[in-house]
1. Suppose we filter B:T266, B:T228 for residues that are among the β-branched types (V, I, T) and at pLDDT 80 or above; which single one remains?
2. Mind telling me which of the residues A:V202, A:V209 ends up being within 14 Å of chain B (Cβ to nearest Cβ) and either in contact with a Leu (Cβ under 8 Å, 6 or more places away or on another chain) or small (G, A, S) (or both)?
3. Is there any pair with a first residue in segment A:146-164 that is part of a helix (DSSP H, G or I) and a second that is surrounded by 12 or more Cβ atoms within 10 Å (Cβ to Cβ) and among the small types (G, A, S) whose Cβ atoms are under 9 Å apart and which are 6 or more apart or on different chains, and what are they?
4. So, A:I173, is that one under 31 Å from the mean Cα position of the chain (by Cα) and more than 21 Å from A:E96 (Cα to Cα) or not?
5. Output the residues belonging to segment A:32-79 that are of a type in the set (A, V, I, L, M) and out of contact with any Asp or Glu (no Cβ under 8 Å at 6 or more places or on another chain).
6. Going by the conditions given, is A:G61 within 18 Å of A:L204 (Cα to Cα) and either over 26 Å from the mean Cα position of the chain (by Cα) or among the charged types (D, E, K, R) (or both)?
7. Is it the case that A:A214 is of a type in the set (G, A, S), touching a residue at least 24 places away in the same chain (Cβ under 8 Å), away from chain B (no Cβ under 14 Å) and touching a Pro at 6+ places or on another chain (Cβ under 9 Å)?
8. Considering only segment A:185-226, state which residues are aliphatic (A, V, I, L, M), at pLDDT below 95 and out of contact with any helix residue (DSSP H, G or I) (no Cβ under 9 Å at 6 or more places or on another chain).
Amino acid sequence: MKLFEHEGKDLFEDFEIPVLKRVVVDKALASQKEKDLSQSIPGSKWVVKAQTLSGKRGKRGLIKIVGKESLVSEEVNKLIGRDVDGEHISKVLVEEAVDITHELFVSITYSTKTRGPILLFSLQGGMEIEDMVVSEIPLRIGMDVPDLATDDWHLVTGEQNKEKLEAKVWNVIQKLWRLFQDKDLFLAEINPLAITRTGDLVALDAKVVTDDAANFRQKWEFPVRNMFGTEKTWAEVESEKIDAEDHRGAVGRVYLDLPGDIGVIAAGGGASLVAMDALVTYGLKPANYTEFSGNPPNYKVKRLTEIVLAKENLKGVILIGGKANFTDQVETLSGFVEALKEINPQYPIVVRRDGPRMEEAKAMLEKAAKENGWDLVVFDSTTSIIDAVRKLVELVK
Amino acid sequence: MLDRLNKNTQVIVQGITGKEGQRVTEFMQSMNVKVVAGVRPGKAGEEVLGVPVFDTVKAARAEFPEALVSCVYVPPQFVLGAVKEALNAGIKLMHIIGEGIPVKDTAEMLAACNEQGAKIIGPASLGIVIPEEFKLGQLMGTENTSVMPGSVGIISRSGGMSSELANILTQAGIGQSMVVHVGGDFLIGTTPAEVLEFFETDAKTEKVLMVGEVGGGYEREVVELIKTGGFTKPLVVFLAGAFVESLPQQVPLGHAGAIIQGEADTRQAKIKSLEEVGAKIAEKPDEIVDLLSVVSSQ
């Protein structure tokens with residue numbers, strides 16, 4: 001899960017990584033008392049930052065520096081509630097502005113090259129990562145951050161203070177590394193890590209991604225969000241409930257509401273990406289993306305189908321997957337049929353799937369289609385995924 | 001280690017008494033694989049599908065000292081411990097099916113394996129199949145006729161696509177030397193480039209089909225390997241992921257590995273760099289069979 005800057009900074013604070021005094025605002029400021037933000041953040045300059053999950057906020061005008069108290073609330077109110085590039089701004093962070101003399105870049109994540117954690121470090125922070133000279137330092141879980149391997153500290157701070165600065169920076173990185181390990185993070189990035197006029201270090205931004213796979217041992221209390229960082233839709237919330245009390249199979253754990261009109265139920269990770277690629281390539285617009293895998297009981301697939309088909313103005317539905325190794329096709333596809341019987345859709349339906357008991361499942365689907373007058377086609381793996389998608393394109397047009 | 005897998009390879013199943021453990025045992029037995037022992041603490045002396053159960057990997061190996069390969073079939077939170085146990089008992093190749101293993105645990109396992117000269121296939125892998133000879137894991141289930149012996153090596157990041165494509169090739173009369181599902185997680189123990197290195201030296205393999213996904217740097221390693229002469233046989237590549245790139249933001253879909261991490265990892269960039277080193281790219285799965293027939297060994 002991607003965290004907002006203010007959430008990341010709270011985590012930083014818990015691990016004693018220096019951050020600035022700040023206030024999070026979650027609604028437009030009306031009364032004078034509400035507007036008095038600068039009271040809680042003393043100073044003469046403030047930074048007002050929209051909380052979004054997508055980057056490049058500075059370039060998009062979502063970060064404002066304000067030099068007058070009265071303007072703080074004005075800028076907050078301009079940002080809050082706005083929709084930018086598909087993201088709704090529901091929170092704004094107000095921070096004291098500090099004078100800085102230099103910016104560093106620090107990022108800890110996992111690398112497919114070293115196949116372990118890695119520290120990316122640069123003395124030239126604050127700019128696009130493509131423009132920096134970045135050193136890549138492999139880290140080892142349970143061990144301290146090694147030497148930062150740069151001889152250029154004097155360029156930042158002069159000969160006299162270079163050792164002191166190096167020690168200070170190492171210290172902050174060591175704390176970030178501890179946070180990264182303790183909280184099972186996938187990414188912990190500070191860009192920039194600023195050096196203030198008084199020689200202190202401070203994290204001016206926080207980019208944090210948690211590892212969802214570790215949620216069984218991490219108790220996060222951040223508000224739920226979908227993959228786009230916005231509030232979850234009805235379908236996204238409902239699909240998540242399917243697996244809550246019955247661990248058999250994985251059904252609807254991934255659900256994305258999309259702006260199109262083709263309902264999609266995918267089975268199995270890799271083949272489903274091929275199917276989505278084909279849908280997009282042949283000009284159809286998916287209304288959602290969701291998947292099931294493993295060996296779920298039929299009522300779970302039924303529920304997932306109900307959720308997908310609940311969307312209005314659908315033009316077609318496709319249930320698509322590869323040849324399963326062990327998923328029982330009669331069990332899973334009978335759930336699909338039961339939901340169709342309830343909803344009785346008038347648009348084309350394409351099923352492409354294979355695996356144990358597919359022949360029986362195909363006969364079951366075709367019989368139900370005949371009895372109920374559905375425009376339904378069933379393919380097994382002798383028809384390629386691409387051709388199954390093409391069939392839907394043909395039927396929808 | 002891949003070169004040592006054959007019909008005589010002995011396999012230990014960790015977590016054999018669980019539902020998944022039993023199923024994988026059944027799948028391997030369907031290809032007459034020598035599953036010699038199972039492990040489950042507290043269940044020593046029992047039998048699962050005719051396989052004796054031991055309390056520890058060490059105890060199992062005391063009885064079967066030639067067994068150097070294990071299947072790890074325990075819940076995600078216990079995988080790291082199971083791998084450490086296997087390493088301490090001298091296991092040299094572990095297959096991990098589990099999805100949803102924290103990346104930190106995987107990193108720790110890989111570092112430990114590195115130190116002890118052992119390898120992991122996975123996590124989130126369905127395993128390896130040598131048609132009519134050997135199976136590690138549950139690839140193809142009991143449907144062993146979806147594969148047939150031949151000269152095409154298959155490497156895939158996706159389990160579903162591994163079975164799908166092996167099946168398509170078999171139907172087209174193209175046999176396979178080995179099918180390896182390396183796993184879909186962000187960090188994996190055996191990378192596509194490492195499998196290619198094996199295929200380079202494998203006499204049975206004449207050409208290779210590789211299925212990649214958007215995201216991660218594993219295809220870049222393949223490009224480097226070919227550039228430096230580490231792989232010289234004909235290679236056909238199929239890359240999924242046009243849909244993910246049509247989405248507004250980073251969205252992990254299907255597998256954690258499908259997170260686009262910067263320009264070099266996009267589909268188009270990958271296709272371009274692979275084409276530059278001579279790989280043939282199948283834009284759609286339909287084109288794979290034709291491309292495999294066209295490319296020939298030097």
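The values are calculated or read from the model by the stated rules, or taken from the named source; none is laboratory data. Just so it is clear, the structure is predicted and the values come from calculations on it, not from any experiment. When we count neighbours, we look across all protein chains shown, and the Cβ atoms used for this are built from the backbone with ideal geometry, even at glycine.
1. Working: B:T266 fails: at pLDDT 80 or above.
Only one candidate passes the filter, namely B:T228.
2. Working: A:V202 fails: within 14 Å of chain B (Cβ to nearest Cβ).
When all the criteria are applied, what remains is A:V209.
3. Taking only residues 6 or more apart or on different chains, the pairs are A:T157/A:G199; A:K164/A:G199.
4. On the way: under 31 Å from the mean Cα position of the chain (by Cα): yes; more than 21 Å from A:E96 (Cα to Cα): yes.
When the stated conditions are applied, A:I173 passes them.
5. At the first step, the residues of segment A:32-79 found to be of a type in the set (A, V, I, L, M) are A:37, A:41, A:47-48, A:50, A:53, A:62-63, A:65-66, A:71-72, A:76, A:79.
A:L37, A:A50, A:L62, A:I63, A:I65, A:L71, A:V72, A:V76, A:L79 - these are the residues of segment A:32-79 that are of a type in the set (A, V, I, L, M) and out of contact with any Asp or Glu (no Cβ under 8 Å at 6 or more places or on another chain).
6. Values: within 18 Å of A:L204 (Cα to Cα): yes; either over 26 Å from the mean Cα position of the chain (by Cα) or among the charged types (D, E, K, R) (or both): no.
It is false that A:G61 is within 18 Å of A:L204 (Cα to Cα) and either over 26 Å from the mean Cα position of the chain (by Cα) or among the charged types (D, E, K, R) (or both).
7. So A:A214 does not fit the description; no.
8. A:V209
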